[in-house]
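The values are calculated or read from the model by the stated rules, or taken from the named source; none is laboratory data. Everything numeric here is computed off the predicted structure, so don't read it as measured data. Here Cβ is always computed from backbone atoms with ideal geometry, including for glycine, and neighbour counts include all displayed protein chains.
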Amino acid sequence: MPSCDAIVIGGGINGLAAAGRLALSGAKVTLLETAPELGGMATLAHLCMGLDPRLEKSLALADHGLVWAERNVSSTALSPDGNHIVLKGAFAETVEGSLSAEDRRAWTSLRDTLLRNAALLAPFKAMPPPRLARDHGTPLLDLLRNGLALRRMGRDNLREFLRLMLINVADVLDDELADDRLKGLIAFDTVLGHHAGPRSPNSLLGLYHRISSEVNGQQGAIALPRGGVAAVIAALAGAVRARGVTIQTGARVKAITAEDDRVQSVTLESGEIFTTSLVVSALHPATTLLSLVGAPVLDTGVVRNVRNIKSRGSTAKLTLTLQGKPDFHGADLRSRLVIAPSVRAVEEAFNAVKYGAFSEAPVMELLLPQAFSTEPDLGRHTLSALVQFAPHDLRMGWVKGKPAFLKAIMKQLEHFAPGIGKQVIAADLLTPHDIAQHFGAPGGQWHHAELSVEQMLFLRPGVGLAQYATPVRGLYLASAAMHPGGGVNGSAGWNAAGHALAKGGAA
């Protein structure tokens, strides 16, 4: 019966981050991952926004192979007639193409406002959300301290911050800009990975979440690691192993055992048992608490809150193997390509999932990794696409629906890159239902729990669970369902491990 100071369940970016922070404290840590390979849902991503700098620095990821192929990937808003615009620099610092002088001035002003507002939220990502009650010490003090920054904005900026805080992004864009291409791309970025459209209430929060973080010191930048996001996972794995973490893949956890409301052990399906007083789970809270711990061990209120976590996914992942380079009407392929012709196009694509259907004119983000490579062009290219929108529970069923959805995606691609269909050698489409099955994420939700105003900060993922701790002493939650949410950042895992250490676990 192996014993260790701490068990981490889940080998995605948050599990690796948690294991790394625990190991830095001197703890003997074992990480258990069900799949044969590490990475979890991070393997679905093809770009990096906001890798937590605490991970990158504290675990010295550069020493373990992390190199950036492109520190600031540009974004191209594709047009079917070739009249593209290209957004360059961190969060579209400059725009190239046929954009009016009036829209350029308006975008510069709006961009400054959005970045300033988002930056005010950034410090909250690095701290556990406070319990809004008396006698809970430093987290609440930190919240108040960060809140002082709001007061220092000045009356006009504070008023604008509060006005925009809970508004939808479509209204903001329509009020300030005229160009459909620019508005469509910003609207798409706002709702990518979310179960929301641009006109959904509070949708602007999605954009703030996206641009509040930094990559390589640049707020709102998008970066591409050499070797893709898999290289981030490889560097993290190497870093935690170097600090003594034992990693077991193909190790499916069957149960977390507790006695007197305290963690005692973790049992694998193989029958192997690990005794420990600290478990950090990077699995969805419902999986951790209802399946591994078991509802009978928990209060009914906790069970109800966990079951009420909203986890609706509506993003699909498509990988195409192509013979030759596609031609998107002359667009530079060394760019992030976005098909989102207007705010209306994004909103109409979302409308379909409200009725259990997929979008017949999906919007999507495209990347061709070989375009960023210095290796010789061998003729075959991979196109990676994040496609919106499709529901987890398709009304017609995914057996029949997947070929139809792929056909709709290819029709949309053909519109922007004529002839691409004839270049396809192989296609691999993962629907939200597939993602749920493959990665254990209920609903196929990319953030595990939806990022909406009622599931953020001290309400994420639900009442009584927001500070990573659970009713079982020694058991902590570290998945993307926890504050501050998902993405290739590792913040939730790092925060959860830090909170466990602060409470005396594995110290």
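With the checklist (1) of a type in the set (Gly, Ala, Ser); (2) surrounded by fewer than 19 Cβ atoms within 10 Å (Cβ to Cβ); (3) under 19 Å from residue 331 (Cβ atoms); (4) touching a residue at least 12 places away in the same chain (Cβ under 8 Å) in hand, flag the one item residue 385 doesn't pass. Checking residue 385 against (1) of a type in the set (Gly, Ala, Ser); (2) surrounded by fewer than 19 Cβ atoms within 10 Å (Cβ to Cβ); (3) under 19 Å from residue 331 (Cβ atoms); (4) touching a residue at least 12 places away in the same chain (Cβ under 8 Å), the one that fails is (2).
Within the range 385-437, being within 23 Å of residue 338 (Cβ to Cβ), polar (S, T, N, Q) and part of a helix (DSSP H, G or I) holds for 412, 423.
Among the residues of the range 461-476, is there at least one that is without any contact (Cβ under 8 Å) to a residue 40 or more places away in the chain and assigned by TED's automatic domain parsing to the domain that holds residue 300? Yes, the conditions are met somewhere in the range 461-476. The residues of the range 196-232 that are part of a helix (DSSP H, G or I), of a type in the set (A, V, I, L, M, F, W, C) and farther than 21 Å from residue 59 by Cβ, listed by number, are 204, 205, 207, 211.
Is it the case that some residue within the range 499-507 is touching a helix residue (DSSP H, G or I) at 6+ places or on another chain (Cβ under 9 Å) and free of Cβ contacts under 8 Å to residues at least 60 places away in the same chain? Yes, the range 499-507 has at least one match. Tell me which residues, restricted to the range 5-38, are surrounded by 19 or more Cβ atoms within 10 Å (Cβ to Cβ), not in a helix (DSSP H, G or I) and not β-branched (Val, Ile, Thr). The answer is 6, 10, 11, 12, 27, 31, 32, 33, 38. Surrounded by 19 or more Cβ atoms within 10 Å (Cβ to Cβ), within 30 Å of residue 66 (Cα to Cα) and of a type outside the set (Asp, Glu), is that true of residue 231? So residue 231 fits the description; yes. Filtering the range 178-193 for residues that are modelled with pLDDT of 95 or more, surrounded by fewer than 17 Cβ atoms within 10 Å (Cβ to Cβ) and either in a loop (DSSP other than H, G, I, E, B) or not hydroxyl-bearing (Ser, Thr, Tyr) (or both) leaves a non-empty set. Considering the range 486-504, the residues that are part of a loop (DSSP other than H, G, I, E, B) and over 16 Å from residue 15 (Cβ atoms) include one that is farthest from the chain's Cα centre (by Cα), namely 504. Looking across the range 44-81, just one residue is at pLDDT below 95 and of a type in the set (S, T, N, Q), and that is 72.
Applying the selection to the range 201-220, what residues are crowded, with 17+ Cβ neighbours inside 10 Å and either among the charged types (D, E, K, R) or more than 15 Å from residue 168 (Cβ to Cβ) (or both)? Selection gives 210, 211, 212, 213, 214, 215, 219, 220. Checking each residue in the range 29-51 for being charged (D, E, K, R) and touching a Gly at 6+ places or on another chain (Cβ under 7 Å) picks out only 33.
Consider residue 164 carefully, then state whether it is at pLDDT below 95, hydrophobic (A, V, I, L, M, F, W, C), buried (at least 23 other Cβ atoms within 10 Å of the Cβ) and in a helix (DSSP H, G or I). Criteria not met by residue 164.
Scanning the range 284-327 for residues that are under 28 Å from residue 377 (Cβ atoms) and among the polar types (S, T, N, Q) turns up 319, 321, 323. One residue stands out among those in the range 91-141 that are of a type in the set (Gly, Ala, Ser) and buried (at least 20 other Cβ atoms within 10 Å of the Cβ): the one that is modelled with the highest pLDDT, which is 92.
Does the range 64-71 contain at least one residue that is surrounded by 15 or more Cβ atoms within 10 Å (Cβ to Cβ) and over 26 Å from residue 192 (Cα atoms)? For the range 64-71, residues surrounded by 15 or more Cβ atoms within 10 Å (Cβ to Cβ) and over 26 Å from residue 192 (Cα atoms): present. Here the strands (runs of 3 or more DSSP E) wholly within the range 256-304 that include at least 3 residues being closer than 21 Å to residue 13 by Cα and assigned by TED's automatic domain parsing to the domain that holds residue 19 are 279-281. Quick check on the range 391-414. Is at least one of its residues of a type in the set (Asp, Glu) and either surrounded by 16 or more Cβ atoms within 10 Å (Cβ to Cβ) or touching a residue at least 40 places away in the same chain (Cβ under 8 Å) (or both)? Looking through the range 391-414, at least one residue is of a type in the set (Asp, Glu) and either surrounded by 16 or more Cβ atoms within 10 Å (Cβ to Cβ) or touching a residue at least 40 places away in the same chain (Cβ under 8 Å) (or both).
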